[in-house]
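Quick one: structure below, then a few questions.
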Amino acid sequence: MDSPDATEDATATALNTPPGGADDDVRALEALRQHHAGMLKRLGALAAALSGAVMAGNAVAEHDAHEVLVEWCETDLVPHALAEEGRLYEGAGRTPEARLLVTALVAEHQGIAGMIEQLRGSRGVDAAVAAGALRALVAMHLQTEDQILLPFLAGHPDLSLASAVEGLEELVGESHIHGGGADRGSSV
Ligand SMILES: [Fe+2]
Ligand SMILES: [Fe+2]
C-alpha cells in the first residue's frame, strides 16, 4: 500500500506532466526543477550566512561568507545560466510562441549577473542587501523557467528537452547525467 507521501508524489508528478511530453522529456523536466530547487536552497543558506555575520558584527565570518557566496555564483549559478542560453533558450527562442519569453529570461540573466557584481564589490550591510536581492531575483527567475519555459519545451512536438540537457552537468547536476535519475541537489 502506498504511503501518503508516495500518493502525494504521484499526484504532483501527474499534475506537472505536460500533455504529450515524452518520458525522457518529463524526466529531464523534473531533474531541472530539482536542480533549481537545490540551487535556490543553497543560495538562500549562503545569503543567510552572510546576513547573519553582518548582523552579528563578525568581520571574519562575514569575509568568509562573502567569499563562499561569490565563489558559488561563479562556479554554479553563472555556468548554469550560460549553459541554459546555449541549449535550452536557443531552441525555444526559435519558436514564435516563446521568442519573447526567451528575450525576457536572457535579460533576467543579465540582471542577475549585475547583482553578482554588486555583491562582489560591496561589504557590510550593503553586501547583505545585495545577497538578499540576488536570492529574490533568482527565485523569481527559476519560477518562470520551472512553470513556463520547461513545460513548454517538454510539451513541444519539435523540441526535445531531454536532448537539450544531455551531458550538461551545469543544467541538471551530475547524478542525472550519470544515469542515477533526477538530481536531488547533490551538488549543493
Ligand atoms: Fe536561467
Ligand atoms: Fe535555470
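The values are calculated or read from the model by the stated rules, or taken from the named source; none is laboratory data. Since the model is a prediction, treat every value here as computed from it, not as a measurement. With ideal geometry, Cβ positions are generated from the backbone for all residues, glycine too; neighbour counts draw on all protein chains shown.
Take A56 and tell me if it is within 21 Å of the chain's Cα centre (by Cα) and more than 12 Å from ligand 1 (Cβ to nearest atom).
Values: within 21 Å of the chain's Cα centre (by Cα): no; more than 12 Å from ligand 1 (Cβ to nearest atom): yes.
Criteria not met by A56.
Which of the helices (runs of 4 or more DSSP H) found entirely inside segment 1-97 contain at least 1 residues meeting this: modelled with pLDDT under 95?
On the way: elements: 4-16, 23-56, 59-72, 78-93.
The qualifying helices (runs of 4 or more DSSP H) are 4-16, 23-56, 78-93.
Also, quick follow-up: Among the residues of segment 84-92, are any surrounded by 13 or more Cβ atoms within 10 Å (Cβ to Cβ), under 20 Å from S160 (Cβ atoms) and basic (K, R)?
Yes - at least one qualifying residue is present in segment 84-92.
Among the residues of segment 131-163, what is the count of those that are over 14 Å from V26 (Cα atoms) and either in contact with a Lys or Arg (Cβ under 6 Å, 6 or more places away or on another chain) or polar (S, T, N, Q) (or both)?
Residues flagged as over 14 Å from V26 (Cα atoms) and either in contact with a Lys or Arg (Cβ under 6 Å, 6 or more places away or on another chain) or polar (S, T, N, Q) (or both) within segment 131-163 amount to 2.
Additional query: So L161 passes all but one of these: (1) under 16 Å from the mean Cα position of the chain (by Cα); (2) farther than 28 Å from A48 by Cα; (3) at pLDDT 95 or above. Which condition number does it fail?
All conditions pass for L161, except number (3).
Looking at the structure I just gave you, is E71 more than 16 Å from ligand 1 (Cβ to nearest atom) and farther than 16 Å from G173 by Cβ?
Working: more than 16 Å from ligand 1 (Cβ to nearest atom): yes; farther than 16 Å from G173 by Cβ: yes.
Judged against the criteria, E71 is a match.
Output the residue which, of all residues in segment 98-142 that are part of a helix (DSSP H, G or I) and basic (K, R), is surrounded by the fewest Cβ atoms within 10 Å (Cβ to Cβ).
Residues of segment 98-142 part of a helix (DSSP H, G or I): 99-120, 124-142.
Subsequent filtering for residues that are basic (K, R) retains 99, 120, 135.
Details: R99: 12, R120: 14, R135: 20.
Filtering segment 98-142 for residues that are part of a helix (DSSP H, G or I) and basic (K, R), the one surrounded by the fewest Cβ atoms within 10 Å (Cβ to Cβ) comes out as R99.
Here's a follow-up. Out of all the residues in segment 143-163, which are of a type in the set (G, A, S) and either in contact with an Asp or Glu (Cβ under 6 Å, 6 or more places away or on another chain) or crowded, with 20+ Cβ neighbours inside 10 Å (or both)? Let's see the steps before the verdict.
The initial filter retains those residues of segment 143-163 that are of a type in the set (G, A, S), namely 154-155, 160, 162-163.
Residues satisfying the conditions are A154, A162.
When you look at G124, is it away from ligand 2 (no atom under 14 Å from the Cβ), out of contact with any strand residue (DSSP E or B) (no Cβ under 9 Å at 6 or more places or on another chain) and on the phi > 0 side of the Ramachandran plot, yes or no? Full working, then the answer.
Values: away from ligand 2 (no atom under 14 Å from the Cβ): yes; out of contact with any strand residue (DSSP E or B) (no Cβ under 9 Å at 6 or more places or on another chain): yes; on the phi > 0 side of the Ramachandran plot: yes.
Criteria met by G124.
Restricting to segment 169-188, and then to whatever is surrounded by 19 or more Cβ atoms within 10 Å (Cβ to Cβ) and not in a helix (DSSP H, G or I), can you tell me which residue is modelled with the highest pLDDT?
Going residue by residue through segment 169-188, those that are surrounded by 19 or more Cβ atoms within 10 Å (Cβ to Cβ) are 170-173, 175-176, 183.
Retained after the next criterion (residues that are not in a helix (DSSP H, G or I)): 173, 183.
Numbers: G173: 77, D183: 40.
By that ranking, first place goes to G173.
While we're here: Give me a count of the residues in segment 133-149 that are in contact with a Leu (Cβ under 9 Å, 6 or more places away or on another chain) and either away from ligand 2 (no atom under 14 Å from the Cβ) or at pLDDT below 95 (or both). Before the answer, list the steps.
Applying the first criterion (in contact with a Leu (Cβ under 9 Å, 6 or more places away or on another chain)) to segment 133-149 yields 133-135, 138-139, 141-142, 144-146, 148-149.
This time we only want the ones that are either away from ligand 2 (no atom under 14 Å from the Cβ) or at pLDDT below 95 (or both), so: 133-135.
Adding up the residues that qualify gives 3.
Pairs under 7 Å by beta carbon, first residue under 13 Å from A127 (Cα atoms) and in contact (Cβ under 8 Å) with a residue 24 or more places away in the chain in segment 51-78, partner assigned to a helix (DSSP H, G or I) and among the charged types (D, E, K, R), six or more apart or different chains?
Once the first residue is under 13 Å from A127 (Cα atoms) and in contact (Cβ under 8 Å) with a residue 24 or more places away in the chain and sits in segment 51-78, its partners that are assigned to a helix (DSSP H, G or I) and among the charged types (D, E, K, R) give V54/E62; V70/R120.
List pairs: first residue in segment 88-114 and within 22 Å of A31 (Cα to Cα), second residue among the aliphatic types (A, V, I, L, M) and more than 14 Å from ligand 2 (Cβ to nearest atom) anywhere in the structure, Cβ distance under 6 angstrom, at least six positions apart or on different chains.
G91/L159; A92/A98
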